[in-house]
1. Do we have SER9 as within 30 Å of ALA300 (Cβ to Cβ) and among the polar types (S, T, N, Q) here?
2. What number goes with the only condition from (1) in contact (Cβ under 8 Å) with a residue 60 or more places away in the chain; (2) within 22 Å of ALA187 (Cα to Cα); (3) under 14 Å from the mean Cα position of the chain (by Cα) that PHE16 does not pass?
3. Would the range 222-230 turn up any residue that is under 21 Å from the mean Cα position of the chain (by Cα) and among the polar types (S, T, N, Q)?
4. Take the range 188-200 and flag every residue that is over 13 Å from GLY254 (Cα atoms) and either outside any helix (DSSP H, G or I) or not acidic (Asp, Glu) (or both).
5. In this structure, does SER213 turn out to be within 19 Å of ILE178 (Cα to Cα) and not basic (Lys, Arg)?
6. From the list ALA190, ALA207, ALA203, which one is modelled with pLDDT under 90 and either crowded, with 17+ Cβ neighbours inside 10 Å or touching a Pro at 6+ places or on another chain (Cβ under 8 Å) (or both)?
7. Please list, ordered by first then second residue, the pairs with beta carbon atoms under 8 Å, 6 or more apart or interchain, first in the range 141-167 and loosely packed, with under 11 Cβ neighbours inside 10 Å, second not polar (S, T, N, Q).
8. Would you mind finding the one in LEU96, LEU198 that is in contact with a Ser or Thr (Cβ under 9 Å, 6 or more places away or on another chain), at pLDDT below 90 and not acidic (Asp, Glu)?
Amino acid sequence: MALEILGISVLWIFLFGYVIIASIDFGAGFFNAYSLVRGHHHILSKIIKRYLSPVWEVTNVFLVFFFVGMVGFFPQTAYYYGTILLMPASIALVLLAVRGSYYAFEAYSGVRGHKGYALAYGITGLFIPAAFSVVLTISEGGFVNMVDGKPVLDYAALFMSPLSWSIVVLAVVAVLYISAIFLTWYASRAEDMEASELMRKYALIWAVPLILSALGIIIELKSLGNWHYENIFDLWWLFLISGLLFVATIWLIGKRQHYGVAVILLIIQFAAAFFAYGISHYPYLLYPYLTIYDSFTNEAMAVALVVAFIAGLMLLLPSLYLVFKLFFTKDYVSGKDETHV
C-alpha cells in the first residue's frame, strides 16, 4: 500500500472515531437542553449526565489527532485550508471552547440544572458539526478561486449552494439520530424504561430526515455532474450495505429488541457510508487543486507519522475500553454507583 493511501486511511479512521463519539456527545447535550425546555428533564437529564460526565473530556482527542496528522501527512493542506477555512474553523473552535466552558461550569461549579448552561451546551452541539461540515462542501470544488496565486473562498457561492445546505442538514440530523439510538440503549441498560422509550421515539423521528438528507446530497452531486458523483456509483455496494444496516437498526428499535445490537449495526452502517464517501473522493483533498499525492510529506516523515499514529491508536483504544468498562456498567448507568471522573 502506498504511504499516501496508508496515511489518509489512518486519518480517516480517527475522523470516523470522532464523528461517532462526538455525535453522541453533541446529540446528548441537545436532548438534555430540549428536555429542559419541554419539561422532560426529570426523564432524561440523569441518564444524559451520567453519560456525559466520563466521556465529554475525551471526545476531542480524535479531532486533535486528525488535525495534527492532516498537517503532518499533507503539509499543503495548511496553506489551502488554513486560508479558506479561517472563518468557519474559527467559529467551530469558539463554539468548542464555549461548549467546554459551559459544561465545566455546570458540572464543577455546583450549579445543577441551569437552563442557560444547558442551552448553550446543547445549541453549540448542533452548530459545531454544521460548521465542520462546510469542509466537505468546499472539497467538492467550485467554491475556491485562486487570486494572485492564493486560494480565496467564495462565500456567496458557498452560502447559496444547495449542496452546502444539504451537507449541513445531514451533519445535524446524523448527530441527533446517532445520539438517539445510543441513548435508547444506554437508558435501557440503566433499566430506565421511561427515558429509553422517549429516546426510542426520537430515534424513529430522526430516521426519515436522515435518509432524505442523504438522498438530497446524492441528488445535488448529480446536478453538478462532477467527478465525485461518478465515483460514488462505483461503490454502490457499500452504500447498499449501509442502507440495509439502517433498515435493520430501525427494525430493532421499532420492535424494542436488542438495543445493543442496534448500536453496533448503527456504527457499521455509518462506517460503510463514511468510508465509501472517502474512497469515492480519492484522490482529491481539494478539487481540483490538491490531491493526496502532490501534497504528501517526505517518506521519512510519513513513516514516522504512520508508526506514531498507529501506536497512538493502540494506546487510545484500550483507554476507551477502560472508560467504557468503568462507566458503562449497569450499576453506574443506573445510578447505583455514583463514581464521577
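1. yes
2. Tallying (1) in contact (Cβ under 8 Å) with a residue 60 or more places away in the chain; (2) within 22 Å of ALA187 (Cα to Cα); (3) under 14 Å from the mean Cα position of the chain (by Cα), PHE16 fails exactly one: (2).
3. Scanning the range 222-230, I find no residue that is under 21 Å from the mean Cα position of the chain (by Cα) and among the polar types (S, T, N, Q), so the answer is no.
4. We begin by selecting, within the range 188-200, every residue over 13 Å from GLY254 (Cα atoms); these are 188-195.
SER188, ARG189, ALA190, GLU191, ASP192, MET193, ALA195 - these are the residues of the range 188-200 that are over 13 Å from GLY254 (Cα atoms) and either outside any helix (DSSP H, G or I) or not acidic (Asp, Glu) (or both).
5. Spelling it out, SER213 is indeed within 19 Å of ILE178 (Cα to Cα) and not basic (Lys, Arg).
6. The conditions single out ALA190.
7. Matching pairs, first to second residue: MET146/VAL152; MET146/TYR289.
8. Going through LEU96, LEU198 in turn, just one is in contact with a Ser or Thr (Cβ under 9 Å, 6 or more places away or on another chain), at pLDDT below 90 and not acidic (Asp, Glu): LEU96.
The values are calculated or read from the model by the stated rules, or taken from the named source; none is laboratory data. If you're wondering where the values come from, they're calculated on a predicted model, not measured in any experiment. Every residue, glycine among them, receives a Cβ derived from its backbone with ideal geometry; neighbour counts consider all protein chains shown.
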